[in-house]
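Accompanying notes for the structure given below.
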Amino acid sequence: MIYLQYLLVGAGCLFFIVGTLGLLRFPDTFTRIHAITKADNLGLGLLMLGLLPSTESLPQALKLILIWLLVLAASATASYLIAHYVKAQSPDALPHADTTSEEQD
Amino acid sequence: MTAFWWTVAALLLVTLLAGLIRIWRGPNPADRMLAAQLFGTTGVAILLLLAQAMQTPALNDVALVPALLAVVAMVAFVRRARPEAEEPE
Amino acid sequence: MQFAFDSMLGLGLLACAAGVFWSRDLFRSVVMFIAFGLLLALTWVRLEAPDLALAEAAIGAGLTGVLLLDAIGHLRQHNEHSPRNHWLLPLLCCIALALLLILSFNARPEASISLPQLVAESLPESGVEHPITAVLLNFRSYDTLLEIAVLLVAAVVAMALNDGLAAAARTSTEQSNRDPVLAGFTSRLAPVILLVAIYVLWAGSYMPGGAFQGGAILAAGLVLLKLADFHIERYAESLLRLGLAFGFLVFLAVATSVMIGGRPFLTYPEAFAGQFILFIEAVLTFSIGLILFSLFNQSPGQEVPHDN
Amino acid sequence: MHFFVSVLLTGSLWWILTEGAQAWWIGGPAVLLASYVATRLHHPDSQRINWLQVPLFALFFLAQSLKAGVDVAVRTLRIRPAINPGTLYYRTSLPPGTARYLFGSIVGLFPGTLCTDFDHDQVILHVLDTNADIAMDCRRLERRIARLFSLPPAAIPPTSLNKEAQS
């Protein structure tokens with residue numbers, strides 16, 4: 001059980017690292033939104049799964065799941081909002097968003 | 001077990017601080033806000049780990065708050081802030 | 001590892017603060033400040049002050065960031081470039097303050113009585129189980145009473161300054177149209193925020209939580225509703241004005257009414273102390289939430305042009 | 001009916017929050033108040049969630065978000081990020097309302113897609129890789145959401161889509 005926990009939490013942490021890497025490496029705002037939304041939510045989900053066996057009671061475990069669900073809902077909405085905002089700021093730039101890349105690491 | 005939680009929490013803190021680079025560099029305001037969003041999610045993860053490592057289940061409640069409210073700053077940005085579109089760098 | 005974590009946290013906090021200070025772009029400073037708030041919350045956790053962490057998380061994530069972002073939008077409308085010449089004086093002030101803090105930290109007086117021990121001994125009489133709440137609302141409730149008064153004054157001043165502007169902004173937001181995704185999300189999240197705010201208020205009697213934290217969460221919920229173009233102030237205008245003063249008035253009323261029974265100002269009958277405190281806290285939560293929200297509501301605000 | 005569901009949901013939420021300590025003397029009024037707020041904010045909408053479908057949808061969602069995370073991780077960890085971003089106009093058959101907007105926000109957590117706008121019955125997506133078969137994933141999500149809201153399957157005509165990629 002403990003090894004499973006290690007595995008899940010470790011994998012979750014890995015996805016967080018990937019998310020940040022994506023945030024730093026990807027060339028434009030849209031692709032960065034992809035990276036961070038998808039990787040971080042999965043990371044938090046795995047981490048939360050790994051922590052579940054350590055909780056003391058059923059409601060406490062459910063509370064962890066609730067936190068994850070809240071983050072999921074929030075970042076799904078936030079990803080749409082910010083993508084919509086960026087598109088509204090530069091409506092013409094969207095199809096060529098990747099040609100305006102500012103930096104390549 | 002506790003040592004493992006601490007290690008992971010420290011690693012997450014490193015990723016969080018690396019996110020600071022994106023806030024600093026931008027170049028778009030949206031990029032900076034995106035990095036702030038990263039801070040919210042990673043902060044929740046760190047708080048959950050600290051709740052285990054420090055044996056304080058009350059920290060789960062602390063984690064609940066950024067999970068609930070991180071989106072408010074993003075909404076305020078999208079609806080209210082009117083930053084300069086690009087910043088010369 | 002614990003040490004590595006703590007030192008990184010401290011360094012990160014300093015880096016954020018430096019970022020806020022040195023950034024030449026105001027917007028960058030604001031985002032840095034939001035990040036700073038989150039790191040600060042983590043720092044409070046490490047200092048074993050979860051109450052403060054909770055307050056910082058609620059206020060930092062939900063309110064200060066929002067107020068600053070809103071202010072930036074407003075500033076940009078009026079002047080394009082902010083003067084950045086006046087940095088020497090603030091720097092000197094900061095250095096002086098830091099020196100003072102360091103000096104006073106080194107020269108702090110020896111406590112003649114152990115306060116934590118005193119609190120722990122009197123905790124059974126306070127009516128609550130959480131020492132922080134006991135201090136805030138029973139042993140040192142005088143301070144809390146005055147803090148509410150300060151908040152109230154701040155809200156009233158903001159209202160006095162901005163009444164005309166806010167009215168103008170209100171008519172302008174009437175025309176804006178809702179973002180359907182945001183509206184759908186908000187209408188489902190708002191009840192959850194309300195419930196969590198009440199939970200945090202209730203939790204204050206037993207563990208970290210209380211009126212300030214609950215109030216801040218409530219205020220963030222109201223701010224979210226307003227940002228998503230739910231015209232809550234139209235329904236709640238009268239409630240708002242009443243609610244602003246309500247917390248302070250009830251607190252004061254309870255505090256003085258015990259004097260009728262021959263007790264000193266602001267002491268609760270021991271048998272009912274728990275109920276008294278929770279009642280006061282409930283009213284305070286409501287009031288603090290409205291006060292903090294009204295600080296946001298008074299700002300003129302404007303809308304980013306939306307295309308749908 | 002909606003109020004009843006709200007009471008049930010907020011009630012279980014309160015139970016989770018207090019970790020079983022319950023304290024219904026404050027929880028009861030709190031739940032009623034929150035349900036009242038929920039009902040006031042809710043806009044009458046013919047689209048109702050069919051709660052029996054929720055577990056199935058959750059499983060589908062978990063599988064897809066796992067896929068999305070792995071997908072984006074693989075792309076990020078290449079020496080040069082393996083991305084080929086572009087725009088995809090996806091014609092949806094979901095009627096405007098909760099179902100369509102749920103589609104718009106959830107699609108952001110699915111492999112390689114991100115909703116940027118709605119235009120009549122087109123959903124404008126930003127995609128990470130224009131070569132991947134995004135449309136099939138979208139169609140599956142659309143079908144799942146239609147089932148979640150018990151929308152008649154007849155309301156789903158064959159979807160058409162329109163790619164707009166850049167070299």
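The values are calculated or read from the model by the stated rules, or taken from the named source; none is laboratory data. Please read all numbers here as calculations on a predicted model, not as lab measurements. Glycine also receives a Cβ, built like all others from the backbone with ideal geometry; neighbour counts cover every protein chain displayed.
The figures follow:
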read-out	value
Subset tally (residues that are more than 8 Å from chain A (Cβ to nearest Cβ), in contact with a Phe, Trp or Tyr (Cβ under 8 Å, 6 or more places away or on another chain) and either under 15 Å from A:Leu72 (Cα atoms) or of a type in the set (A, V, I, L, M, F, W, C) (or both)) for the stretch D:69-100	2
Criterion: more than 7 Å from every other protein chain (Cβ to nearest Cβ) and among the basic types (Lys, Arg) - qualifying residue of B:Arg25, B:Arg32	B:Arg25
Criterion (under 27 Å from A:Ile17 (Cβ atoms), at the interface with another protein chain (Cβ under 7 Å from one of its Cβ atoms) and either touching a His at 6+ places or on another chain (Cβ under 7 Å) or among the aromatic types (Phe, Trp, Tyr) (or both)) met by exactly one of D:Leu109, D:Leu66, D:Leu114	D:Leu114
Failed item in (1) closer than 12 Å to C:Leu54 by Cβ; (2) part of a helix (DSSP H, G or I); (3) not aliphatic (A, V, I, L, M), with C:Phe185 passing the rest	(1)
Test: B:Gly43 is at the interface with chain A (Cβ under 8 Å from one of its Cβ atoms) and part of a helix (DSSP H, G or I)	no
Subset of the stretch D:83-113 (residues that are free of Cβ contacts under 8 Å to residues at least 40 places away in the same chain and over 12 Å from the mean Cα position of the chain (by Cα))	D:Pro96, D:Thr113
Any chance B:Leu12 is within 23 Å of A:Lys63 (Cα to Cα), modelled with pLDDT of 90 or more, more than 7 Å from every other protein chain (Cβ to nearest Cβ) and not in a loop (DSSP other than H, G, I, E, B)	no
Residue ID - farthest from C:Gly10 (Cα to Cα), chosen from residues in the stretch C:23-35 that are free of Cβ contacts under 8 Å to residues at least 24 places away in the same chain and surrounded by fewer than 21 Cβ atoms within 10 Å (Cβ to Cβ)	C:Asp25
Flag if D:Phe103 is of a type outside the set (D, E, K, R) and surrounded by fewer than 21 Cβ atoms within 10 Å (Cβ to Cβ)	no
Residue within the stretch A:61-80 that is over 21 Å from D:Asp71 (Cα atoms), part of a loop (DSSP other than H, G, I, E, B) and either at pLDDT 90 or above or facing chain D (nearest Cβ under 9 Å) (or both) present	no
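Okay, residues lined up against (1) in a helix (DSSP H, G or I); (2) in contact with a Leu (Cβ under 7 Å, 6 or more places away or on another chain); (3) modelled with pLDDT of 90 or more:
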| position | (1), (2), (3) |
| --- | --- |
| C:Met8 | yes, yes, yes |
| C:Val20 | yes, no, no |
| C:Arg28 | yes, no, no |
| C:Leu39 | yes, yes, yes |
| C:Asp51 | yes, no, no |
| C:Gly65 | yes, no, no |
| C:Glu80 | no, no, no |
| C:Arg84 | no, no, no |
